[in-house]
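Okay, so here's the structure we're looking at.
The values are calculated or read from the model by the stated rules, or taken from the named source; none is laboratory data. The structure presented is a predicted model; accordingly, all values stated were derived computationally and were not measured. Note that each Cβ is placed from the backbone with ideal geometry, even for glycine, and that neighbours are counted across all protein chains shown. For the accessible areas, the whole protein counts, side chains as well, though only heavy atoms, and no ligand, DNA or RNA atoms are used. Shrake-Rupley method; radii C 1.70, N 1.55, O 1.52, S 1.80 Å.
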Amino acid sequence: MQGKKHEPKEENRSLVRTMAAVGTRYEDIAFKLEISADTLTKYYRKELDEGRIDANAAIARSLFDTARSGNLTAQMFWLKTRAGWKETDRKEIDGTIHLSWDEWVGDGND
């Protein structure tokens, strides 16, 4: 069933961008505007994308500043996610049991 044609308003564009920036689900933004999620993405694609991009950039900037100020946790997170660093003392467990020959053939009466 076809509804009436949606006409985007500047106030709605601002709302969509803000809600997208804080991670609001598309379905919830559409509900707020009383339109379908398909209509939302059709008319507000730019605002949805820019809101997400701007928010990610702001958080990345904050993380970067925190790391530069000496926060060790932020520095480690940055290096692992952005610079490809990883823990080098990991022990991998594969479920294999390693026995010596004596343990394998022993009679268990030791």
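Pick out, in residue order, every one of the GluC sites (Glu not before Pro) in region 67-110 that is DSSP loop and has at most 11 other C-beta atoms within 10 Å; say none if there are none.
Taking region 67-110 and a limit of 11 other Cβ atoms within 10 Å, the loop GluC sites (Glu not before Pro) found are GLU87, GLU92.
Loop-only check: which GluC sites (Glu not before Pro) in region 6-45 are DSSP coil with at most 15 other Cβ within 10 angstrom?
Filter output for region 6-45: GLU34.
Tell me the accessible surface of LEU33 in square angstrom (1.4 angstrom probe, heavy atoms of protein chains only), to the nearest ten.
30 Å²
Compute the signed sum of charges (Lys and Arg +1, Asp and Glu -1) over the other residues within less than 12 Å, Cβ to Cβ, of ASN56.
Surrounding charge for ASN56 is -1.
If you count only protein heavy atoms with a 1.4 Å probe, what accessible area per residue comes out for region 4-110, rounded to a whole Å²?
Value for region 4-110: 85 Å² per residue.
Near LEU15, within a Cβ-to-Cβ distance under 11 Å, what is the net charge of the other residues, with Lys and Arg +1 and Asp and Glu -1?
+1
Separation between the GLU7 and ASP49 pseudo-spin-labels, each 7 Å from Cα along Cα→Cβ, expressed in nm?
About 2.7 nm, to one decimal.
Run lengths n ≥ 4 of DSSP H only: what is the helix-derived mean residue ellipticity at 222 nm for the chain, with -39500 (n - 2.57) per run over all residues, to the nearest 500?
Mean residue ellipticity, 222 nm, calculated: -20000 deg cm²/dmol.
With the full set of protein chains in place, find how many percent of the accessible area of region 19-110 is carbon and sulfur; take the probe as 1.4 Å.
Reported share for carbon and sulfur atoms: 53 percent.
Considering only protein heavy atoms, with the full assembly of protein chains and a 1.4 angstrom probe, order MET76, MET19 by accessible area, largest first.
In descending accessible area the options line up as MET76, MET19.
Within 10 Å, at most 16 other Cβ atoms, and a DSSP state outside H, G, I, E, B define an exposed site. Report the longest part of the chain free of exposed trypsin sites (Lys or Arg not before Pro).
The longest such stretch corresponds to 26-85.
Can you sort PHE77, PHE64 by 1.4 Å-probe accessible area, starting with the largest?
PHE77, PHE64
Can you tell me the relative contact order of the chain? Whole percent, Cα pairs under 8 Å, sequence separation 6 or more.
It rounds to 20 percent for the chain.
Determine ³J(HN,Hα), in whole Hz, for all residues of region 70-75 in sequence, where each value follows from phi through the Karplus function 6.51 cos²θ - 1.76 cosθ + 1.60 and θ = phi - 60°; x replaces Gly and Pro.
x, 6, 4, 4, 5, 5
Taking just the C-alpha trace of region 17-110, give me its Rg and Dmax in Å.
So, for region 17-110, Rg and Dmax equal 25.8, 78 Å respectively.
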